[in-house]
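A short reminder: the numbers here are calculations on the coordinates, not readings from a lab. Treat the numbers as computed from the prediction; the structure is a model and nothing was measured. Note that each Cβ is placed from the backbone with ideal geometry, even for glycine, and that neighbours are counted across all protein chains shown.
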Amino acid sequence: MDRLTAMQTFVRVVESGSFSAVAREARSTQSAISKQVAALERELGAKLLSRTTRSLALTEAGTRYFEQARRLVAEIAEAEAELQQGEQQLSGWLRVAASVGYGRLKLLPLVKSFLATHPNVKIDLRLNDGFVDLVEEGIDLAVRIGELADSSLLARRIGTTQRVVLASRQYLDSMRDGLKLPQVPQDLLDHNCIVYSELATQNAWTFTAGATAAASEGSHVTIRTQGNFQTNSSEVIRASVLSGMGIGYSPTWLFEDELARGELQVLLPDWPAHPLPIHLVSPVQRRESAKVKAFALHVAQAI
């Protein structure tokens with residue numbers, strides 16, 4: 001038995017709470033991961049995990065061993081990271097997460113350029129518009145857009161994403177008689193607005209009065225918009241706005257090319273939409289990873 005590998009496996013099983021999650025990370029099987037932990041228990045002569053069909057729990061001995069094992073695994077990872085940094089050689093898998101739209105449009109080109117510079121690195125890019133537990137899924141680094149909830153993750157703000165209210169020519173041309181272009185945020189209540197349900201604010205759209213707005217500059221207005229369609233997918237938001245289904249409230253990068261070509265019209269120019277911060281986040285135990293540091297710097301510099 002490879003004691004170090006078994007110890008690393010045990011630590012990840014406890015952190016993720018799942019044999020299957022670790023099996024996916026290791027591109028192995030749940031049975032193989034379970035056998036590694038069982039072999040470690042036999043080697044130590046102590047039961048570390050109490051297993052049921054639905055959950056895992058540390059035994060008293062497992063709790064004591066886990067804290068020591070996690071510290072040792074982290075120290076080994078740190079030593080390897082220092083060696084890699086000294087030799088300027090990065091290798092192995094790096095698991096990165098982002099939302100679907102941002103991952104496809106903005107992050108994928110940076111993955112390509114990073115891999116070209118570091119040929120021994122392999123990147124597993126996980127795109128999901130929903131919440132992803134970085135520790136449970138074994139993610140090394142994630143790009144998150146929006147205000148962060150308090151957590152034990154390490155976070156570094158690397159930029160801001162601007163949002164706009166926009167509509168396609170198709171939508172504007174099909175407006176019913178008497179319906180006008182929105183001039184102030186309250187006018188949106190008369191329009192079909194498409195809601196991105198993954199945001200905590202959902203249909204609450206916030207605006208700030210600009211210098212030319214018919215309101216005190218800097219004042220904030222939040223409108224509870226209405227519409228017949230919402231989705232948890234940024235890609236579907238993009239497709240629905242482009243097809244003329246309604247008005248969107250979206251990051252400019254999601255429609256960068258269409259805006260440049262004049263295919264979409266930005267509405268409420270006197271009322272800028274509330275921007276969102278962009279963060280890089282990673283589990284605390286990955287803070288010394290040379291790959292994580294290198295890729296984070298690559299993304300931050302580009303953004």
Can you list residues from other chains, or at least 5 along the same chain, whose modelled amide H is less than 5 Å from the amide H of Asp124?
Leu94, Arg95, Val96
Given +1 on the Cβ of Lys and Arg, -1 on the Cβ of Asp and Glu, and no further charges, what dipole in debye does region 163-274 carry about its Cα centre, rounded to the nearest 20?
160 debye
For the chain, with only Lys/Arg (+1) and Asp/Glu (-1) charged at the beta-carbon, what is the dipole magnitude about the Cα centre, in debye rounded to 20?
680 debye
Under the Karplus curve 6.51 cos²θ - 1.76 cosθ + 1.60, θ = phi - 60°, whole-Hz ³J(HN,Hα) for region 123-134, x wherever Gly or Pro sits:
10, 9, 8, 9, 10, 7, 7, x, 5, 10, 7, 5
For Thr161, what residues show an amide H to amide H distance below 5 Å, using hydrogens built from the backbone and excluding near sequence neighbours?
Leu276, Ile278
Hey, of (1) 47, 21, 17; (2) 51, 20, 18; (3) 41, 37, 17, which did the structure itself give for semi-axes √(5λ) of the Cα gyration tensor in Å when calculated?
(1)
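Please report the net charge: other residues with Cβ closer than 13 Å to the Cβ of Gln265, K and R +1, D and E -1.
Here the count lands on -1.
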Can you pick out the pairs among Lys35/Lys293; Lys106/Lys293; Lys122/Lys293 whose Cα atoms lie more than 25 Å from each other?
Lys35/Lys293
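As a test of the formula, what do you get for the chain when each DSSP H run with n ≥ 4 contributes -39,500 (n - 2.57) and the sum is divided by the residue count, at 222 nm and rounded to the nearest 500 deg cm²/dmol? Can you show the working numbers first?
Values: 10 runs with 111 residues, N = 303.
The helix-only estimate for the chain comes to -11000 deg cm²/dmol at 222 nm.
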The chain: most fluctuating residue of Gly138, Gly45, Gly210 per GNM, C-alpha cutoff 10 Å
Gly45
